[in-house]
1. Starting from residues that are over 19 Å from Val71 (Cβ atoms) and open to solvent by less than 80 Å² (accessible area, probe 1.4 Å), keep the ones in the range 1-32 and report whichever is modelled with the lowest pLDDT.
2. Any residue at all in the range 128-138 that's within 45 Å of the chain's Cα centre (by Cα) and in a helix (DSSP H, G or I)?
3. Count, please, the residues in the range 45-75 that happen to be out of contact with any Phe, Trp or Tyr (no Cβ under 9 Å at 6 or more places or on another chain) and within 21 Å of Leu20 (Cα to Cα).
4. From the list Glu121, Glu40, Glu51, Glu35, exactly one residue is over 30 Å from Glu5 (Cβ atoms), out of contact with any Lys or Arg (no Cβ under 6 Å at 6 or more places or on another chain) and either surrounded by 11 or more Cβ atoms within 10 Å (Cβ to Cβ) or of a type in the set (Asp, Glu) (or both). Which is it?
5. Within the range 115-127, track down each residue that is outside any helix (DSSP H, G or I) and of a type outside the set (A, V, I, L, M, F, W, C).
6. Can you tell me which condition Val167 does not meet? The list is (1) assigned to a helix (DSSP H, G or I); (2) more than 30 Å from Asp30 (Cβ to Cβ), and all the others hold.
7. Taking the residues in the range 54-79 that are of a type in the set (Val, Ile, Thr) and surrounded by fewer than 15 Cβ atoms within 10 Å (Cβ to Cβ) as candidates, determine which candidate is nearest to Ala24 (Cα to Cα).
8. When Leu115 is evaluated against the numbered criteria (1) touching a helix residue (DSSP H, G or I) at 6+ places or on another chain (Cβ under 7 Å); (2) open to solvent by 100 Å² or more (accessible area, probe 1.4 Å), which criterion, by number, is the only one it fails?
Amino acid sequence: MDEDEGFLRAVYEQHGAVLLRFGARLLAGDLHRAEDVVQEAVIRAWKHAAELDPTTGAIRSWLFAVIRNLVIDGDRARRTRPPEVPDLDVALPPTPDGVDQVLTAQVVVEAMASLSRVHREVLLHLHFMGRSVPQTAKAVGIPGGTVKSRAHYAMRALRRALEERGVLAA
């Protein structure tokens, strides 16, 4: 064991627990900050190892003074530093206001108006009224296969109309 390690070990063995309690008391019970302050005080004592004897009570008084000064300096530094505030210039994401939905609905209504009456009728029953193919066939008075065929061609025509209006990518 070299001389530096022996000095540090002696300081911690002789005074470590007392210094930690003293630091924690000064820091309102914050043991983590107290450990940091004690460690800094012991490092400062090690830098003056030639003048200090770790086995005497004189070093304890010296370490108490260093710890007290470190706590005071840390408190002053925290008080002089401006408080941290969130950056208010950060652009906030846009909040949905429903305008997009209204515009899309308007475009869909226009696209639906461009369809033939029979195509529009089948799509209204199937997709807007939520009816099944048999229910639509009965309401419109056509066979179920015709409902499916008209729905297929109506969807193709609607897709084309929406692409022309720029709602869907071609």
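1. Asp4
2. Yes, the range 128-138 contains a residue that is within 45 Å of the chain's Cα centre (by Cα) and in a helix (DSSP H, G or I).
3. The qualifying residues number 19.
4. Going through Glu121, Glu40, Glu51, Glu35 in turn, the sole match is Glu121.
5. Ser116
6. It is condition (1) that Val167 fails.
7. Among residues in the range 54-79 that are of a type in the set (Val, Ile, Thr) and surrounded by fewer than 15 Cβ atoms within 10 Å (Cβ to Cβ), the one nearest to Ala24 (Cα to Cα) is Ile72.
8. So the condition that Leu115 fails would be (2).
The values are calculated or read from the model by the stated rules, or taken from the named source; none is laboratory data. Just so it is clear, the model here is predicted, and its values are computed rather than measured. Neighbour counts run over all protein chains shown; Cβ positions are idealised from the backbone, glycine included. Ligands, DNA and RNA are stripped out before the accessible areas are found, and what is left, the full protein with its side chains, is counted by its heavy atoms. Shrake-Rupley method; radii C 1.70, N 1.55, O 1.52, S 1.80 Å.
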